[in-house]
1. For peptide A:127-136, what's the mean number of Cβ atoms from other chains within 10 Å of each residue's Cβ?
2. Ordering B:Ile96, B:Ile180 by how much accessible area each has at a 1.4 Å probe, largest first, what is the list?
3. Excluding B:Leu222 itself, what net charge comes from residues whose Cβ is under 12 Å from its Cβ, given Lys and Arg +1 and Asp and Glu -1?
4. Taking N as the number of residues in the protein assembly as shown, what is its alpha-carbon radius of gyration divided by 2.2 N^0.38 Å?
5. Taking chain B, how many lysine pairs are there with alpha carbons less than 24 Å apart, if each pair must be eight or more places apart or span two chains?
6. Output the antiparallel fraction of DSSP beta bridges having both residues in chain B, as a percent to the nearest 5.
7. For chain B, I need the span (max minus min coordinate) of the C-alpha atoms along each principal axis, in Å, sorted largest to smallest.
8. Restricting to Cα pairs below 8 Å that are 6+ residues apart, what does the relative contact order work out to for chain B? Please round to a whole percent.
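The values are calculated or read from the model by the stated rules, or taken from the named source; none is laboratory data. Keep in mind that what you see is a predicted model, and the values were worked out from it rather than measured. Positions of Cβ are generated from backbone atoms using ideal geometry, with glycine treated the same way; all protein chains shown enter the neighbour counts. Note: areas computed on protein heavy atoms with side chains; ligands, DNA, RNA excluded. Shrake-Rupley method; radii C 1.70, N 1.55, O 1.52, S 1.80 Å.
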Amino acid sequence: MKIIVCVKVVPDTASRLKVAADGKQIVETDLTWIISPYDEIAIEEGLKLREKHAGEVILLSVGPERVVAGLRNGLAMGADAAHQIWDPAFESLDAAGRATVLAAAIRHLGGADLVLCGHQGAGEDDAQTAGLLAGALDLPSVSMAIKLDVEGTAVVVEREVEGGIEVWDATLPAVITTQKGLNTPRYAGLKGIMAAKKKPMGVMDAAALGLSADALRARTERRSMAPPADRPPVQLIQGDPKAQAKELIRLLHEEAKVI
Amino acid sequence: MANIILTFAEIRAGALRRPSLEAVSEARRLADGASGRVVSVLVGDANETAVKTLGSHGADKVIRFGAADLASYSSESYARAVAKAVASEAASAVLIAYTAMGKDLAPRVAFLTGGGLVSDCSSFEQTDGRLVAKRAQYSGKMISTFAWTTRLQIATLRPNVFALGAPLADRACEVVPAEIDGAARARVREFRAKEGGKKELAEAQVIVSGGRGLKAAEHYKLVEDLGNALGAALGASRAIVDDGWVSHSFQVGQTGKTVSPTLYIACGISGAIQHLAGMSSSRVIVAINKDPEAPIFKIANYGIVGDLFEILPALTAEATRHLASRR
Ligand SMILES: Cc1cc2nc3c(=O)[nH]c(=O)nc-3n(C[C@H](O)[C@H](O)[C@H](O)COP(=O)(O)OP(=O)(O)OC[C@H]3O[C@@H](n4cnc5c(N)ncnc54)[C@H](O)[C@@H]3O)c2cc1C
Ligand SMILES: Nc1ncnc2c1ncn2[C@@H]1O[C@H](COP(=O)(O)O)[C@@H](O)[C@H]1O
């Protein structure tokens, strides 16, 4: 089974963020970059499927130099090979552009039986690259899997939706996105880290993928970005528990008008 | 050219879901501001109330796709239906609720139509029918504004943020049947409903959440009791999900649910940035915590510094009394 995992490298989710001088993006220097948590789950799922069905797990990441460390980390977890996909022409890709690039890269690698993605990349939280990618590859897709079983080319996926669980039937090849609860990603041990140094790391650019600027034109543009307005200071309620309870209910009813 | 705003009407068990009604209401407001029309796309088996409700909340037209193989949801076939309606109506915008279904559907609609997609929007401004959307990014640490470079503007709308319009029972609404190839290589086979009566977190008006301050799994009952008294949905911090006190479906935060209720009550939750990521856009936040320095107080509107084992029972009793007096 040939499994391709798309890995987005994102600012550590605990980072303090600053808005850049252009007022449109975050300052990207001095940040710690990590594999987006859902993509770590995707790598883990790929490794588990490989353990069960044999095959290979290949990682792809679109991004500048910083994604290489993320890919190495994925290799240390146990993936077989990785490719950094980068070109100055990819500087301001939106989700549609990223999907176009990833689709071209997957075709370039001869396709896959299963493409795994996170359901959203932590940070930008676009939650759309995988669906667009499935479209571009003309593959079926199931999103936000919390359980995944593969038998031959038949796939059964469970996903949580409002009010319950959906059970899906799908056929391979397919694009499937991960949700928390699917698995617990393993840590890369020292042995894994050593082994990762010898694993193949490819590089692809726009020319290798035959991509023109026109195909990558952004469909959406971020015009501004700012931290949310401060919330008003907290109003602390005094007294014994009974008095506090009474006063809180009064305030919620009379002042905030929410109950 | 007239502005045609399309909305996707999500149906579960025959009924229209509230977030889709919020989308129709917003579409109506936008259309009214640009002398436009609202067209809702309904796929699968919907009851008559669903169709009527779309009309009374602002749809001028409902396009109803109803083949046998559309009964169960599939991203592929449903996206084909929406894309077909986009083309036949020459729509300028598509509004889809950011629910599990909408989140799955919208990118495939974007692929088929070539339109840009902005996810999880919480407000729109409009100039000559061109939209600018606001949305949270970086776990709510940033609020961004987005515009579209494509003519077609596709947006998903955060549930519980857009107000429902006042229904007008006698608004004219034309219902048009339509057909589409329902073939799909991935589709829902079965739906297993959650144990009875549990309220859906992402769409609840009131949420009571508990954290590690509860000390032990059996004390989550204190949160349940207050939740029941207020008719609230129940949430949790990741700490107690990881400890197995409640299932992951309760988790609020960056790796759990994003919620925007009118009232969020955090009990014994410290307010880690990853938890705030999921609830900081709640309208009113109440924090109950014994540590006055807990970060949750920085975003709370009302706070009680104290022992939740004393406060929660008192609050449950008071809430029960208050709501009984109003019946
Ligand atoms: C990548 C990543 C993703 C994460 N995603 C999430 C997420 O989605 N959601 C989430 O919630 N967390 C998430 N976390 C975890 C988060 O960082 C915190 O660890 C977690 O939110 C803490 O949960 P807590 O507030 O219940 O526990 P604690 O931080 O231990 O806080 C317990 C609180 O209870 C108070 N308390 C104790 N006893 C009492 C009492 N008797 N009465 C009143 N108060 C009392 C204490 O003062 C304390 O403030 C994530 C972390 C990472 C690294
Ligand atoms: N730059 C990227 N490189 C590789 N994969 C990506 C990239 N951006 C997004 N993805 C994949 O698409 C998923 C959804 O991301 P997004 O649509 O950006 O929220 C991620 O979890 C990844 O699996």
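1. 6
2. B:Ile180, B:Ile96
3. Summing Lys and Arg as +1 and Asp and Glu as -1 gives -3.
4. Numbers: Rg = 23.9 Å, N = 586, 2.2 N^0.38 = 24.8 Å.
That works out to 0.96 for the protein assembly as shown.
5. 29
6. Numbers: 14 of 62 bridges.
So the antiparallel bridges amount to about 25 percent of the total.
7. Extents along the principal axes: 61, 42, 40 Å.
8. Relative contact order here is 14 percent.
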